[in-house]
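Here is the structure we will look at.
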Amino acid sequence: MIEILSKSNKNLLAVKATEKLTVEDYEEIFIPKLNELIQQYGKIRVLFYLSESFKGWKLGAMWDDAKFGMKHRNDFEKIAVAGGPAWVQWGTKIASHLLKCNVKTFKLKELQDAFEWISL
């Protein structure tokens, strides 16, 4: 499940991911909000907070994530990923080479640091 956090404002979208992310999470919540902010602000910042209950992506959601990221790789100013297992941190670092923005990973206990970094 994906939830838009109240710390979202202007061109910053902060989301919390729990359990397994689905196609519905992406197509009904995350992607529409990203599109809205890109249309309104041009470049956006995203904080992706992976809670302790996060278990990954269903295949369709992973595909939606990859397609959107590649199509909009010039539309992100910063992306922060906080939490998640080691494979997510590793995968994020690899994906960062395909995006034209600053990408940084944080441990779950560094969530506040992630909020501060993405807000600068």
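So E52 ticks every box in (1) free of Cβ contacts under 8 Å to residues at least 60 places away in the same chain; (2) of a type outside the set (G, A, S); (3) in a strand (DSSP E or B) but one. Which box is left unticked?
Only one criterion in (1) free of Cβ contacts under 8 Å to residues at least 60 places away in the same chain; (2) of a type outside the set (G, A, S); (3) in a strand (DSSP E or B) is unmet by E52, namely (3).
Of the residues V81, V103, which is over 17 Å from I4 (Cα atoms) and not small (G, A, S)? So that I can check it myself, show each step before the final result.
On the way: V81 fails: over 17 Å from I4 (Cα atoms).
Exactly one residue qualifies, and that residue is V103.
Which one of these does K78 not meet: (1) under 13 Å from the mean Cα position of the chain (by Cα); (2) farther than 18 Å from A14 by Cβ?
(2)
Does V46 satisfy the criteria of being at pLDDT below 95, in contact with a Leu (Cβ under 7 Å, 6 or more places away or on another chain) and of a type in the set (A, V, I, L, M, F, W, C)?
On the way: at pLDDT below 95: no; in contact with a Leu (Cβ under 7 Å, 6 or more places away or on another chain): yes; of a type in the set (A, V, I, L, M, F, W, C): yes.
No: the conditions fail for V46.
Can you tell me which residue within region 66-111, out of those that are touching a residue at least 40 places away in the same chain (Cβ under 8 Å) and among the charged types (D, E, K, R), is surrounded by the fewest Cβ atoms within 10 Å (Cβ to Cβ)?
E77
For A61, are the conditions met, namely being of a type in the set (A, V, I, L, M, F, W, C), assigned to a strand (DSSP E or B) and surrounded by 20 or more Cβ atoms within 10 Å (Cβ to Cβ)?
Numbers: of a type in the set (A, V, I, L, M, F, W, C): yes; assigned to a strand (DSSP E or B): no; surrounded by 20 or more Cβ atoms within 10 Å (Cβ to Cβ): yes.
Spelling it out, it is not the case that A61 is of a type in the set (A, V, I, L, M, F, W, C), assigned to a strand (DSSP E or B) and surrounded by 20 or more Cβ atoms within 10 Å (Cβ to Cβ).
Taking the conditions exactly as written (under 15 Å from L47 (Cβ atoms), at pLDDT 95 or above and not in a strand (DSSP E or B)), does A82 satisfy them or not? Give the derivation first.
Working: under 15 Å from L47 (Cβ atoms): yes; at pLDDT 95 or above: yes; not in a strand (DSSP E or B): no.
No: the conditions fail for A82.
Hey, could you check region 1-33 for residues that are touching a residue at least 40 places away in the same chain (Cβ under 8 Å) and part of a helix (DSSP H, G or I) and say which is surrounded by the fewest Cβ atoms within 10 Å (Cβ to Cβ)?
Taking the candidates together, the pick is V23.
The values are calculated or read from the model by the stated rules, or taken from the named source; none is laboratory data. Remember, predicted model here, so these are calculated numbers, not experimental data. All Cβ positions, glycine included, derive from the backbone under ideal geometry; neighbour counts span all protein chains shown.
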